[in-house]
Amino acid sequence: MENPKLNAEAASKTITELTGIESVDMALTLGSGWAKAADLAGEELANIDASEVPGFHKTSVSGHTGKLRIMQLESGKKALVVGARTHLYEGHGVDSVAHGVLVSAAMGAKIMVLTNGAGGINEKWIAGQPVLISDHINLTASSPLKGANFVDLTDLYSSRIRKLALEVDPSLDSGVYVQFPGPHYETPAEVMMAKSIGGDIVGMSTAIEAIAARAAGMEVFGMSLITNLAAGIQKTPLSHQEVIDAGKMAEPKIAKLLAEIVNRL
Ligand code: HPA
């Protein structure tokens, strides 16, 4: 059987061979709209195609770069920037979804920053607004963990780091992220269900990665860019173009915000 941890260690070794860099302090997965944050956070030390590293799949989602970068942050710390997220809906299995996180852990990252573009359930929110993820509900019916691995998920999205983020921008709102399997968007009825069980944000990533990160001993921080109001909350149909456009519009603002936050970690 394939062992995800061994695969991640092999990938980490390849990254070290290709970049000459042995370890990082933290890692960032930059989803739709967030890619520019890395440029503002520090100086690039290395930039490789994820396809050169075992276990990463060619990205099928526009808005994802397919690059792995290592940045020297202004704080002096090093960050691995994973621009090659594999989503569950791509059909490569849950181990592939967790791979970027496990590689980050194998590179020594102690903090995993997960970002995404997502739909907002809260009617007060507008497209282009970043929100903190305070917790999640995993509706994918899958886990990145196998066997009797009973990992505690209390305070999964570190309250310590959320406090730091609020020092950078006290106006940030927060919410519970609900991961659906996708790739279709939710029906309005599913959005109402997500709301009634305590959800504020709907998306197709992050929760599974957060579980893998916690199991690997990392502290997790998550942010969503609200690219649209969720189906049925917004009255117009959803489109991927709308998600991309909202990401582009919000990019300068959220990149600066995230860069400031990661430099405090
Ligand atoms: N639902 C799920 N995923 C998303 C959405 C949404 O409304 N917007 C961007 N990603």
- Task: Answer yes or no as to whether Ala148 is open to solvent by 50 Å² or more (accessible area, probe 1.4 Å), at pLDDT below 95 and of a type in the set (A, V, I, L, M, F, W, C).
- Result: yes
When every residue in the range 171-181 that is more than 9 Å from the ligand (Cβ to nearest atom) and in a loop (DSSP other than H, G, I, E, B) is compared, the one surrounded by the most Cβ atoms within 10 Å (Cβ to Cβ) is Leu172
Inside the range 182-222, the number of residues satisfying the requirement of being in contact (Cβ under 8 Å) with a residue 12 or more places away in the chain, over 12 Å from the mean Cα position of the chain (by Cα) and near the ligand (Cβ under 10 Å from one of its atoms) is 9
Report whether or not Thr29 is out of contact with any helix residue (DSSP H, G or I) (no Cβ under 9 Å at 6 or more places or on another chain) and either closer than 15 Å to Val113 by Cβ or of a type in the set (Ser, Thr, Tyr) (or both).
no
Query raised in the report: Is it fair to say Arg160 is under 30 Å from Asn3 (Cα atoms), open to solvent by 50 Å² or more (accessible area, probe 1.4 Å) and part of a helix (DSSP H, G or I)?
Result: no
For the range 249-265, pairs from a residue that is on the phi < 0 side of the Ramachandran plot to a residue that is β-branched (Val, Ile, Thr) and assigned to a helix (DSSP H, G or I), with Cβ under 8 Å and 6 or more apart or across chains, are Leu257/Val168; Glu260/Val168; Ile261/Ile161; Ile261/Val168; Arg264/Val168; Leu265/Ile161
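Matching residues to (1) surrounded by 24 or more Cβ atoms within 10 Å (Cβ to Cβ); (2) of a type in the set (Lys, Arg):
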residue: Thr206; (1), (2): yes, no
residue: Ala212; (1), (2): yes, no
residue: Gly222; (1), (2): yes, no
residue: Leu229; (1), (2): no, no
residue: Lys248; (1), (2): no, yes
residue: Val262; (1), (2): yes, no
Checked against (1) at pLDDT 95 or above; (2) surrounded by fewer than 24 Cβ atoms within 10 Å (Cβ to Cβ); (3) more than 16 Å from the ligand (Cβ to nearest atom), Ser104 satisfies every condition except (2)
The residue that is nearest to Asp200 (Cα to Cα), considering only those in the range 219-238 that are in contact with a Pro (Cβ under 8 Å, 6 or more places away or on another chain), of a type in the set (Gly, Ala, Ser) and in a strand (DSSP E or B), is Ser224
In the range 1-32, residues that are of a type outside the set (Val, Ile, Thr), crowded, with 19+ Cβ neighbours inside 10 Å and farther than 17 Å from Glu209 by Cβ total 0
Gly76 fails exactly one of (1) at pLDDT 90 or above; (2) open to solvent by 60 Å² or more (accessible area, probe 1.4 Å), namely (2)
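The values are calculated or read from the model by the stated rules, or taken from the named source; none is laboratory data. In this text the structure is predicted, and so the values were computed from the model without any measurement. Here the Cβ is made from the backbone with ideal geometry for all residues, glycine too, and neighbour counts use every protein chain on show. Heads up: the accessible areas ignore ligands, DNA and RNA and are worked out on the full protein's heavy atoms, side chains in. Shrake-Rupley method; radii C 1.70, N 1.55, O 1.52, S 1.80 Å.
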